[in-house]
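This report refers to the structure that appears directly beneath it.
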Amino acid sequence: MSGAVTAGLVVLAVVVAGAQYLGSQRGFPGPGTVSVAAHIAAAIGAIVIQHFADHRRRAVSVIGSLLVFLVAGILLWTQWWG
């Protein structure tokens, strides 16, 4: 499941970056530089953590998977619900 969450974070980062680009091209405010940077950082962090979790066994893999959920939760809390 953490792989699906990681993929979702990547898609979300692309969508937010695209909205920022379109906003700047068409003269309306986009999500903002901080939001785009947060989404990209979360996506990259989740990819690295997921890669680590995929190549380890047992408890280390579970902790890595849980960290992916934590990164996604922090991103959603700070950028979407906060």
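The values are calculated or read from the model by the stated rules, or taken from the named source; none is laboratory data. Treat the numbers as computed from the prediction; the structure is a model and nothing was measured. When we count neighbours, we look across all protein chains shown, and the Cβ atoms used for this are built from the backbone with ideal geometry, even at glycine.
Out of Leu76, Leu66, which single residue is on the phi < 0 side of the Ramachandran plot and surrounded by fewer than 14 Cβ atoms within 10 Å (Cβ to Cβ)?
Step by step, each of Leu76, Leu66 is checked, and only Leu66 is on the phi < 0 side of the Ramachandran plot and surrounded by fewer than 14 Cβ atoms within 10 Å (Cβ to Cβ).
Report, by residue number, each residue of region 1-43 that is closer than 15 Å to Leu70 by Cβ and either of a type in the set (A, V, I, L, M) or crowded, with 17+ Cβ neighbours inside 10 Å (or both).
Once the filter is applied, which keeps residues that are closer than 15 Å to Leu70 by Cβ and either of a type in the set (A, V, I, L, M) or crowded, with 17+ Cβ neighbours inside 10 Å (or both), region 1-43 yields Met1, Ser2, Val5, Thr6, Leu9, Ala38, Ala41, Ala42, Ala43.
State all residues of region 44-63 that are within 17 Å of Val15 (Cβ to Cβ) and buried (at least 19 other Cβ atoms within 10 Å of the Cβ); if no residue qualifies, say none.
Scanning region 44-63 gives a single hit, Ala46.
What do you reckon, is Gln50 modelled with pLDDT under 95, assigned to a helix (DSSP H, G or I) and of a type in the set (S, T, N, Q)?
no
Identify, from the list Ala38, Ala13, Ala17, Ala4, the residue that is assigned to a helix (DSSP H, G or I), in contact with a Leu (Cβ under 8 Å, 6 or more places away or on another chain) and modelled with pLDDT of 95 or more.
That would be Ala38, the only listed residue that is assigned to a helix (DSSP H, G or I), in contact with a Leu (Cβ under 8 Å, 6 or more places away or on another chain) and modelled with pLDDT of 95 or more.
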